[in-house]
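Read-outs throughout are calculated quantities, based only on the coordinates presented, and are distinct from any laboratory measurement. Small disclaimer: the values here were computed from a predicted structure and weren't measured. Cβ coordinates were reconstructed from backbone atoms using ideal geometry, including for glycine residues, and neighbour counts include every protein chain displayed.
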Amino acid sequence: MLATLAFLAPLLGLLGTVAGMIDAFGTIASHGGYATVTELSGGIYKSLLTTAAGLVVAAPTFVAYSYLSSRVNTMLHEMERAGIEIVHMLKDSEALTGIISFQQSPETQTGPREAHRDR
C-alpha cells in the first residue's frame, strides 16, 4: 500500500499541474489572448501547489516503504537461514545407512555353531 501511495502521489500532483495549466490557458482564451499576470497567477499557483503536495506526500512515503521493505527482506533471509540450519541439524542426526548396516546377518542371528551345522 505504501508503494502504491508513493508512486501515485506524484501522478496526482502532475494531474493537478495539468488542471492548473488548463485553468491558466482558459483564462488567456477567455480574455481574447491577452491576460495579465494577476489573472494567470491563479492557475499557475494551483499547478505549483498540487505538484508540491504530490512530492511532499511521495518522498516520505517512498522512504518509509523502502525501510519497511528492507526490514522484511532481512527477516525473510534470517528465516531462510534458520530453516536451512534446522534441515542440516536434522540431516546430521540421522543414522547413516548404506555405509554400515546394523542389521544382523542370518549367520549372526543363529550363532556361528548352528550355521556350521547346517552346511
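Counting alpha carbon pairs within less than 8 Å and at least 6 residues apart, what relative contact order, in whole percent, applies to the range 3-81? Please report the intermediate quantities before stating the final value.
Details: 70 pairs, mean separation 34.0, N = 79.
It comes to 43 percent, rounded to a whole number.
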Original post:
Among 87, 60, 42, whose Cα lies farthest out toward the positive end of the dipole of the range 36-93, if unit charges sit on the beta carbon of Lys, Arg (+1) and Asp, Glu (-1)?
Top reply: 42
Subject >> Distance between modelled label sites at residue 82 and residue 19, nm, 7 Å Cα→Cβ extension >> reply: 4.8 nm
Original post:
Once both labels are modelled 7 Å past Cα along the beta-carbon direction, what's the residue 12-residue 64 spacing in nm?
Top reply: 1.3 nm
